[in-house]
Amino acid sequence: MARGGPPELRSLARPELDELVAGLGEKPYRARQLFRWLHEKGAASLSEMTDLPAGFRERLAAVSTLVTLERAAEQRSTDGTVKWTWRTADGRLVESVYMPEPGRKTLCVSTQAGCAMGCTFCMTGTLGLLRNLTAGEIVDQVARANRRLVELGEGKGPRPLTNLVFMGMGEPLHNYAAVKAALDLLLCEDGPNFSHRHVTVSTSGLVPAMRRLGEETEVKLAVSLNATTDEVRRAIMPVHARWPLAELMEACRTFPMKRGRRITFEYVLLRGVNDSDEDADRLVRLVRGIPAKVNLIPYNASPGLGYEAPSPERVAAFQERLVRRDVTAVVRKNRGRDIAAACGQLAAAGEAGGAPRPAPEPRSVVDR
């Protein structure tokens, strides 16, 4: 809902929608019909909702808005990945990435236009934070993607997607209220009805919001770790100045492990920065005792950021060192590199609001 403006239908929780419909003199079942049109069928406009009386739709239009993202661009990778750039009603550009695999169709969802975290290896961070997305804009990425996938023959409607990862543009827990509202809508039985087991929310380490997420949802948590010492993590991830490693790892140890969930630690491997044998050994000690797996992500090159990926041999040696010490560690397959859709590459070129801020100078990070 815009401040001081009419309610935005796609952002409303089910009880709020019920109240709005009742206020228009309609019977409760109309609210359920409306909710399903918005979130199960992903309607782009009120005119699509043909089983709702025309008079009801007219009254809805008079007291509310329905914001639908515009598809501004679509890029397809040779590996099957698809990146969509969406334009919001106020002209912001955000990106979502579709990653098909056998038995799984995953959408990487954005939660902010830009990002305030400023991680030095991430292109999104060069934009700065332009604004938070609303719950409706977050869930509409899923609705638009589902509809487009049906058009492309990637699956049957209304919901070809099976999995969601909140790992796109922005820090999800920096926009906690909208992300939590979006999760409630996406998990709703009368809506897309995703399973909590198939939804993952990533964070760079906002400790208080991690605790809230664990207490208030059952979705999976991924923590972008990326370093094994305070010195290195502080240099590459400014958020570390607020919550150092000891505090972050304590939050992980006390995270509610509902229904057998475990934490995924994301570790972007940067050549000469965090990829040594000593880093691997420290990583083993950091995650010991936490139900977890480690996703190793060889750095995806982005212009001007000054980092390089380790050699495939170094990546394999790092992984083997973890596995030998009973840490579940996998090397994430790099998807969509040729369309700048891989981890850390999303930047919505041409984003309204100004050019990306200059990338940081390459750093030695810390004497090793």
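Within the set A251, A241, A280, the sole residue that is of a type in the set (G, A, S) and within 18 Å of L322 (Cα to Cα) turns out to be A280.
Yes or no: A222 at pLDDT 95 or above, within 17 Å of the chain's Cα centre (by Cα) and closer than 30 Å to A309 by Cα? Judged against the criteria, A222 is a match.
Here the condition is being closer than 23 Å to S202 by Cα and open to solvent by 20 Å² or more (accessible area, probe 1.4 Å); of R325, R321, R332, it holds for R332 alone.
For region 121-162, which positions are closer than 30 Å to L270 by Cβ, open to solvent by 40 Å² or more (accessible area, probe 1.4 Å) and in a helix (DSSP H, G or I)? Within region 121-162, no residue meets the criteria. Put simply, of G103, G114 the only residue that is out of contact with any Cys (no Cβ under 8 Å at 6 or more places or on another chain) and under 24 Å from E70 (Cα atoms) is G114. Being open to solvent by 10 Å² or more (accessible area, probe 1.4 Å) and either among the aliphatic types (A, V, I, L, M) or without any contact (Cβ under 8 Å) to a residue 60 or more places away in the chain (or both) is the filter here, so list the residues in region 199-216 that pass it. Within region 199-216, L206, P208, A209, R211, R212, E215, E216 meet the criteria. Close Cβ contacts (under 7 Å, 6 or more residues apart or on different chains) running from residues in region 227-239 that are closer than 19 Å to F318 by Cβ and without any contact (Cβ under 8 Å) to a residue 24 or more places away in the chain to residues that are open to solvent by less than 10 Å² (accessible area, probe 1.4 Å) and polar (S, T, N, Q) comprise R233/N226.
When restricted to residues that are aliphatic (A, V, I, L, M) and farther than 21 Å from F166 by Cα, region 252-310 contains 11. Against the conditions (1) modelled with pLDDT of 95 or more; (2) open to solvent by 10 Å² or more (accessible area, probe 1.4 Å), where does V284 fall short? Just the number, please. V284 satisfies every listed condition except (2).
So if I check each of G114, G125, G168, G118, which one is farther than 15 Å from K41 by Cβ and free of Cβ contacts under 8 Å to residues at least 24 places away in the same chain? Going through G114, G125, G168, G118 in turn, just one is farther than 15 Å from K41 by Cβ and free of Cβ contacts under 8 Å to residues at least 24 places away in the same chain: G125.
The values are calculated or read from the model by the stated rules, or taken from the named source; none is laboratory data. Here the structure is a predicted model, which means the values were calculated and not measured. Here the Cβ is made from the backbone with ideal geometry for all residues, glycine too, and neighbour counts use every protein chain on show. Keep in mind that these areas ignore ligands, DNA and RNA; they rest on the heavy atoms of the full protein, side chains included. Shrake-Rupley method; radii C 1.70, N 1.55, O 1.52, S 1.80 Å.
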